[in-house]
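Structure first, commentary second.
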Amino acid sequence: MINISEVVETNNMIEKENLDVRTITLGISLLDCIDSDLNALNDKIYKKIYEAAKDLVKTGEEISGEFGIPIVNKRISVTPIALIGAAACKTIEDFASIAKTLDKVAHEVGVNFIGGYSALVSKGMTPADELLIRSIPLALSTTERVCSSVNLGSTKTGINMDAVRLMGQMIKQTAEYTKEDDSLGCAKLVVFCNAPDDNPFMAGAFHGVTEADKIINVGVSGPGVVKTALEKVRGESFEVLCETIKKTAFKVTRVGQLVAKEASRMLNVPFGIVDLSLAPTPAIGDSVADILCEIGLEYAGAPGTTAALALLNDQVKKGGVMASSYVGGLSGAFIPVSEDQGMIDAVVAGALTIEKLEAMTCVCSVGLDMIAIPGDTSESTISGIIADEMAIGMVNQKTTAVRVIPVIGKGVGEKVEFGGLLGYAPVMPVNPFSCEAFVSRTGRIPAPIHSFKN
Amino acid sequence: MKKTIITVVGKDTVGIIAKVCTYLAENKINILDISQTIVQGYFNMMMIVDTAESTKSHGDMADELEKLGEGIGVIIKCQKEEIFDMMHRV
């Protein structure tokens, strides 16, 4: 039977170390909503999402009450809208009307984000894909809760450089359209290489076409729990360090598995995956950078950071894999800048640069995340940053992403407030040299040699 | 059997166990195990209870026990046993 010290340990993790379930994300396929009449399409989308998700928030709160564990976010992901809207949408305004429908239903069912205003263009763009991409600035500036993502490349297909170039323009335009709010629109827009179909985390969540009609995906968190556990093994060997991370990751993931199973049962929706992630928040102590410091670095970004992060990421996966029956494709440690107080401190101290962050993305999940850059950064430079990150993902057969925010009207060192879970960020300097001629080339970068595995 | 773990944390005072037990008895909740310890100077009590016969929902029981705790200056939490089982048992 459970003993008192185990109960105290679990409750300390929840109360003092910010253990929580970061998100329950309900994935909903909209393929059966497709209609060539735009009004009928919007109507069907609203009804399908409303019916599927009307009890999501209530169920999340009920589970949270039963187990005494906070479930921070309840969210929805849908089939990439470029596919769903292809038959009906002839203009960018048509596509943006679907974004408004998504926003409306998100408000109605009480979720804080809805993801899937997306296009998958890793090899080429259909006219509808391109139209959706061009509608992103309008869609994100006229909605509150809609998140958008675009998959620009994969190990199997190479990188669609035409889409990379276009996304540089769209990110800049989204920043312009939302400049009154510190270019907040860009915080809801992410580009991927090797995007997983079952990502529960925003802004990149969408419900892949390989998925069932509905699915529950859960993202766990708990950087504070790992940090506290590591405080007890200061100065010990790597073996002890790794074992400690692994055991802690196991415990954290078990909570995710429990919540996922319970949500799946209560909503009568199949359980998809648990994403084993250390996802930081701006709350003090809920930081991945603090774990890196606890491992032995003065600041995140110091020499040794990439190795420490590689170790952390690997042990989180090793501990988590046995804790869950199905593990998601994005698992690992997240390193967003604005959402992590330790990362912000490292940037302010001058320890962390975009180039170092890029190196770190080679060994952990996702990529350059929530990084504020000067508002006068050119479109081609943004495309260059994206291309670099996509290349890392393509060659290393991993998911990489870019979510940068060119903050219109602000320069290096100024502070940007995004509010809530998105936090705040100091504007970081970007390499000033041009890549215009490179990103102006048309076509795509071919798939790397090791993709030919047949 | 539906097991729930009730934890009581706070400054020790007369009648904590009596008040919690009275509430449980009134709601047909059977106590299976009680243990207590002092952690960092605080009174920590854990009860494992069976709520199979209970007349209250988990949410109502948790709310009422929380209020009862506020009355005596301690924090009372109710959590289903599975969260501890999942975390500490392979």
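Every residue in the stretch A:4-52 that is within 14 Å of chain B (Cβ to nearest Cβ) and either touching a strand residue (DSSP E or B) at 6+ places or on another chain (Cβ under 7 Å) or of a type in the set (Phe, Trp, Tyr) (or both), please.
Matches in the stretch A:4-52: A:4, A:7, A:8, A:11, A:20, A:21.
For residue B:45, are the conditions met, namely being at pLDDT below 95, touching a Cys at 6+ places or on another chain (Cβ under 8 Å) and either loosely packed, with under 14 Cβ neighbours inside 10 Å or more than 7 Å from chain A (Cβ to nearest Cβ) (or both)?
Values: at pLDDT below 95: yes; touching a Cys at 6+ places or on another chain (Cβ under 8 Å): no; either loosely packed, with under 14 Cβ neighbours inside 10 Å or more than 7 Å from chain A (Cβ to nearest Cβ) (or both): yes.
No; evaluated as a whole, the condition is false for this residue.
On the given criteria, is residue A:319 of a type outside the set (A, V, I, L, M), at positive phi and either within 14 Å of another protein chain (Cβ to nearest Cβ) or buried (at least 17 other Cβ atoms within 10 Å of the Cβ) (or both)?
no
Out of (1) free of Cβ contacts under 8 Å to residues at least 60 places away in the same chain; (2) out of contact with any Leu (no Cβ under 8 Å at 6 or more places or on another chain); (3) within 14 Å of chain A (Cβ to nearest Cβ); (4) surrounded by 13 or more Cβ atoms within 10 Å (Cβ to Cβ), the odd one out for residue B:29 is which?
Condition not satisfied by residue B:29: (3).
Does at least one position in the stretch A:110-131 carry a residue that is outside any strand (DSSP E or B), of a type in the set (Lys, Arg) and under 18 Å from residue A:184 (Cα atoms)?
no
Of all residues being part of a loop (DSSP other than H, G, I, E, B) and more than 20 Å from the chain's Cα centre (by Cα) in the stretch A:132-160, which is surrounded by the most Cβ atoms within 10 Å (Cβ to Cβ)? Just the residue, please.
So the first thing to find is which residues in the stretch A:132-160 are part of a loop (DSSP other than H, G, I, E, B), and the list is A:142-145, A:155-157.
If we keep only those that are more than 20 Å from the chain's Cα centre (by Cα) as well, we get A:142, A:156-157.
Values: A:142: 17, A:156: 15, A:157: 21.
My answer is A:157.
Which of the residues spanning the stretch A:258-290 are part of a helix (DSSP H, G or I), crowded, with 24+ Cβ neighbours inside 10 Å and in contact with a strand residue (DSSP E or B) (Cβ under 7 Å, 6 or more places away or on another chain)?
A:259, A:260, A:263, A:288
Out of the strands (runs of 3 or more DSSP E) lying entirely within chain B, which hold 3 or more residues that are farther than 18 Å from residue A:15 by Cα?
The strands (runs of 3 or more DSSP E) meeting that bar are B:30-39, B:42-50.
Suppose we keep only residues that are crowded, with 19+ Cβ neighbours inside 10 Å and not β-branched (Val, Ile, Thr) within the stretch A:230-245. Which one would you say is farthest from residue A:290 (Cα to Cα)?
So the residue we want is A:241.
Can you say whether residue B:51 is of a type in the set (S, T, N, Q) and within 14 Å of chain A (Cβ to nearest Cβ), as far as the supplied structure shows?
Considered against the rule, which asks whether it is of a type in the set (S, T, N, Q) and within 14 Å of chain A (Cβ to nearest Cβ), residue B:51 comes out as yes.
Starting from the stretch A:55-68, take each residue that is facing another protein chain (nearest Cβ under 7 Å) and list its partners that are part of a helix (DSSP H, G or I), counting only C-beta distances under 6 angstrom and pairs at least six apart or across chains.
A:65/B:59; A:66/B:58; A:67/B:83
Quick one: residue A:407 ticks every box in (1) within 30 Å of residue A:283 (Cα to Cα); (2) touching a strand residue (DSSP E or B) at 6+ places or on another chain (Cβ under 9 Å); (3) modelled with pLDDT under 95 bar one, so which box is it?
Going through the list (1) within 30 Å of residue A:283 (Cα to Cα); (2) touching a strand residue (DSSP E or B) at 6+ places or on another chain (Cβ under 9 Å); (3) modelled with pLDDT under 95, residue A:407 breaks only (3).
What is the number of the single condition among (1) surrounded by fewer than 20 Cβ atoms within 10 Å (Cβ to Cβ); (2) at positive phi that residue A:301 does not meet?
Every listed condition holds for residue A:301 apart from (1).
Hand me the list of strands (runs of 3 or more DSSP E) wholly inside the stretch A:388-454 holding 3 or more residues that are in contact (Cβ under 8 Å) with a residue 24 or more places away in the chain.
Values: elements: A:400-407, A:415-417, A:424-426.
Qualifying strands (runs of 3 or more DSSP E): A:400-407, A:424-426.
The values are calculated or read from the model by the stated rules, or taken from the named source; none is laboratory data. None of the values given here were measured: they were computed from a predicted structure. Methodologically, a virtual Cβ is constructed for each residue, glycine included, from the backbone with ideal geometry; neighbour enumeration extends over all protein chains shown.
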